[in-house]
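Values in this text are rule-based calculations from the coordinates and carry no lab data. Keep in mind the model is a prediction, meaning the values are calculated, not measured. Note that each Cβ is placed from the backbone with ideal geometry, even for glycine, and that neighbours are counted across all protein chains shown.
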Amino acid sequence: MFTGLIESVQSVCSITDTSCGKQIAISLEELAADIRPGDSIAVNGVCLTVSSLSGKIACFDVIHETLSVSTLGQLVEGHRINLERAMPADGRFGGHLIQGHIDGTAAVKSIEKKAGQHVIRIIANSELMKLMIPRGSVAVDGVSLTVVDIDEDSFSYSLIPTTLERTNLTDLVPENRVNIEADLIGKWINHRLDQVIPHGKKPSITLEKLQNQGFIE
């Protein structure tokens, strides 16, 4: 389990093709002192296992399935990536619940720079959009963020200077693809609703009813 608070931004050292996918080597720098083979690290939001460690260089074996559902297949040597170690049981919870299991990828639609922050809009498919909630949580390349607003096919979030300084999201430009993991609690609720409400049937609980009763604004 992860929290979306990035601990380090480092660069890809090498990428090697393997029979099952690719092996990605990354210098963990200061994080290496507390890492052992078999440990889990979120790499741009994707939970990977350290297969070997030589000094500060960690190698990760990434299978074809993971490469196909995330942006890891697009990495090249020198690419800057977000790193977060798995949260210890006695650790401080500063972000939100993140599994490192990507729900899909999406593209940067626009970047607006204003008043010391970046407002980034992401265009996503309908399966991802139905999991987005205004002011809810979302992980973008492993970074815990708050959704500002949503429309039919996109959502936006704001990056404060601290986030820009401590993550690789400052490197984004329009059309870049990013890893998206929706809020875990929201996904479970959505899954249960899909099970109890037959396809095509209008639910008895609607946004209008919730608004009328004062549950939401």
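Along the chain, counting only trypsin sites (Lys or Arg not before Pro) with a DSSP assignment other than H, G, I, E or B and at most 10 other Cβ atoms inside a 10 Å radius, the longest segment between sites is 1-91. Remark on A106: its backbone amide H falls under 5 Å from those of V178, I180, a criterion applied only to residues 5 or more positions apart or on other chains, H modelled at 1.01 Å from N. This ranking places T71, T16 by how few other beta-carbon atoms lie within 10 Å of each, fewest first, which gives T16, T71.
Considering all alpha-carbon pairs of the stretch 30-103, what whole percent are spaced by more than 15 angstrom? In whole percent, the share of Cα-Cα pairs in the stretch 30-103 beyond 15 Å is 59. With all projection directions averaged, the alpha carbon convex hull of the stretch 1-128 covers 9.3 nm². Taking the C-alpha atoms only, the angle from helix 184-196 to the longest principal axis of the chain is near 50 degrees.
Just so you know, the averaged projected area of the alpha carbon convex hull for the chain sits at 14.2 nm². Projected over all directions and averaged, the alpha-carbon convex hull of the stretch 2-64 occupies 4.2 nm². Taking every alpha-carbon pair within the stretch 104-196, the share separated by more than 18 Å comes to 41 percent.
Taking 1.306 mPa s as the viscosity and 10 °C as the temperature, the Stokes-Einstein diffusion coefficient of the stretch 73-120 based on its alpha-carbon Kirkwood radius rounds to 107 µm²/s. Note on V143, V108, V148: ascending count of other Cβ atoms within 10 Å places them as V148, V108, V143, the fewest first. Ordered by the count of other Cβ atoms within 10 Å of each Cβ, fewest first, I57, I180 give I57, I180.
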